[in-house]
Amino acid sequence: MSDESEILAALFAASLGSDPEDPATSGEALWQGFLARLAAATHAESALLRLAWPGRPVQGWQIGAPWEGVEEAVVERMRSGRVYSQVDIPGVGAAAGLAGPAAVDGRGAMPLRALRWRIGREARVLIALRRRGEDFRAVDGLQLANLTPYLGVALTGWRQLEQARARAALDRQLAAALGAGWLLFAPSGQVLAMAEGLAAQLEALAGIALRPDGRLSLSEPSAQALRQALTTAARDGTARDGVGGAPGRVMLSAEPAVELFLSPESFGGETQLVGRLRHGLSARDLPPGRLAAGFGLSRSEARLVACLCDGLSLAEAADELGWTQETARSTSKQVFARMGVRGQTGVLRRVLESGVWWG
């Protein structure tokens, strides 16, 4: 593979956030890998990429000898698509923000090549190379110029993916707070993929771990029910060309409750066995301070509310909290008044409909 092809492959691997040749590498390391390829091809000692999006702080990556690059005031004056040297960059020498002393005409400045490229109407990227000793060759500047047809596509795509990943992370947080998640199954019962963090959540909550063979560790009745549901779902998916009937319901755990709804669905262009999972929530797992702040209660009142929301009677809540039954009754009346409800069912509804689960 030529230097140019390797540089472009590294650029698009960084923009996609994954390298098929090195799946474990991601994020910042991929951008540093792109700069390392570019530096190796041009014999640069330092290489940097700096992005400026409207309304956002400048973001960038750098490899090699420490260098802050060209000042933003100079970048503003650079023409989009032109490769500059230390001699012709606007405001040459020290005025251009180049490291070290330099004469006004650029003599004495370290060899530099810099490219500014406009992305859309207002965004821009700067790629700059620097080294000591001999000046860069003409072919080194050409390596930068050859990137211009791809920079806008790669960096716009990278930003869109970053935004999509941030939204997906928010979706995961909300789903986890409500006890929800998803799994993709093979017909054999092996878990092909699952929501991020769900494996640890299931093991901590109900002792359901992912076995070395990729299957869930379940009691025999639950494992048998899951096998039957998978067989039915796989058969329905084949017969209906990926559009199954009513989802199969499987209780993976009774206490605490963990329920799975399984159906064949079109997922990423393929028919997959999709499991939507919901596990029970415990109000007693919420910090008392959060409940207290959410409903204007004292911490002791919040602890009583948590017990009632978890299905305990007043007598059971009194035992749980070490109170007398009279204390529990009088405190419950205060809670009802503060929350503006008439009884325990009103408390339950207020809490379940509230945002205290978000944190």
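The values are calculated or read from the model by the stated rules, or taken from the named source; none is laboratory data. All of these numbers come straight from a predicted model, not from anything done at the bench. FYI the Cβ positions are ideal-geometry reconstructions off the backbone, even for glycines, and counts take in every protein chain you see.
Consider segment 154-171 and keep the residues that are in contact (Cβ under 8 Å) with a residue 60 or more places away in the chain and under 24 Å from residue 3 (Cα atoms). The one that is surrounded by the most Cβ atoms within 10 Å (Cβ to Cβ) is 155.
Within segment 69-86, if we keep just the residues that are surrounded by fewer than 16 Cβ atoms within 10 Å (Cβ to Cβ) and assigned to a helix (DSSP H, G or I), the residue that is modelled with the highest pLDDT turns out to be 77. Considering (1) modelled with pLDDT of 95 or more; (2) in a helix (DSSP H, G or I); (3) small (Gly, Ala, Ser), the lone condition that residue 47 does not fulfil carries the number (2). Restricting segment 110-127 to residues that are of a type in the set (A, V, I, L, M) and in a strand (DSSP E or B), the residue that is surrounded by the fewest Cβ atoms within 10 Å (Cβ to Cβ) is 123.
As a summary of the residue check, residue 310 satisfies the conditions (1) surrounded by 14 or more Cβ atoms within 10 Å (Cβ to Cβ); (2) over 17 Å from residue 280 (Cα atoms); (3) acidic (Asp, Glu) except for the one numbered (2). With 239, 204 as the choices, which residue is among the hydrophobic types (A, V, I, L, M, F, W, C), within 30 Å of residue 311 (Cα to Cα), modelled with pLDDT under 95 and outside the structural domain of residue 353 (by TED's automatic domain parsing)? When all the criteria are applied, what remains is 204. Only one of the listed residues (259, 255) is in the same structural domain as residue 219 (by TED's automatic domain parsing), under 30 Å from residue 218 (Cα atoms) and without any contact (Cβ under 8 Å) to a residue 12 or more places away in the chain. That residue is 255.
Every listed requirement among (1) within 21 Å of residue 115 (Cα to Cα); (2) touching a residue at least 60 places away in the same chain (Cβ under 8 Å); (3) surrounded by 14 or more Cβ atoms within 10 Å (Cβ to Cβ) is met by residue 30 save one, (2).
Of the residues 289, 268, the single one that is without any contact (Cβ under 8 Å) to a residue 60 or more places away in the chain and under 22 Å from residue 172 (Cα atoms) is 268. Exactly one residue among 294, 311 is closer than 27 Å to residue 201 by Cβ and assigned to a loop (DSSP other than H, G, I, E, B), and that residue is 311. Kindly indicate whether any position in segment 292-303 is of a type in the set (Asp, Glu) and surrounded by 14 or more Cβ atoms within 10 Å (Cβ to Cβ). Scanning segment 292-303, I find at least one residue that is of a type in the set (Asp, Glu) and surrounded by 14 or more Cβ atoms within 10 Å (Cβ to Cβ), so the answer is yes.
Can you pull out the residues in segment 269-315 that are under 30 Å from residue 188 (Cβ atoms) and acidic (Asp, Glu)? Within segment 269-315, just 270 meets the criteria. Say whether the condition of being of a type outside the set (A, V, I, L, M), under 26 Å from the mean Cα position of the chain (by Cα) and assigned to a helix (DSSP H, G or I) is met by at least one residue in segment 227-239. No, segment 227-239 contains no residue that is of a type outside the set (A, V, I, L, M), under 26 Å from the mean Cα position of the chain (by Cα) and assigned to a helix (DSSP H, G or I).
Okay, residues lined up against (1) at pLDDT 55 or above; (2) touching a Lys or Arg at 6+ places or on another chain (Cβ under 8 Å):
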position	(1), (2)
67	yes, yes
88	yes, no
95	no, no
102	no, no
112	yes, yes
115	yes, yes
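Based on what the data block shows, is residue 323 at pLDDT below 95 and hydrophobic (A, V, I, L, M, F, W, C)?
Numbers: at pLDDT below 95: no; hydrophobic (A, V, I, L, M, F, W, C): yes.
Against the criterion (at pLDDT below 95 and hydrophobic (A, V, I, L, M, F, W, C)), residue 323 does not qualify.
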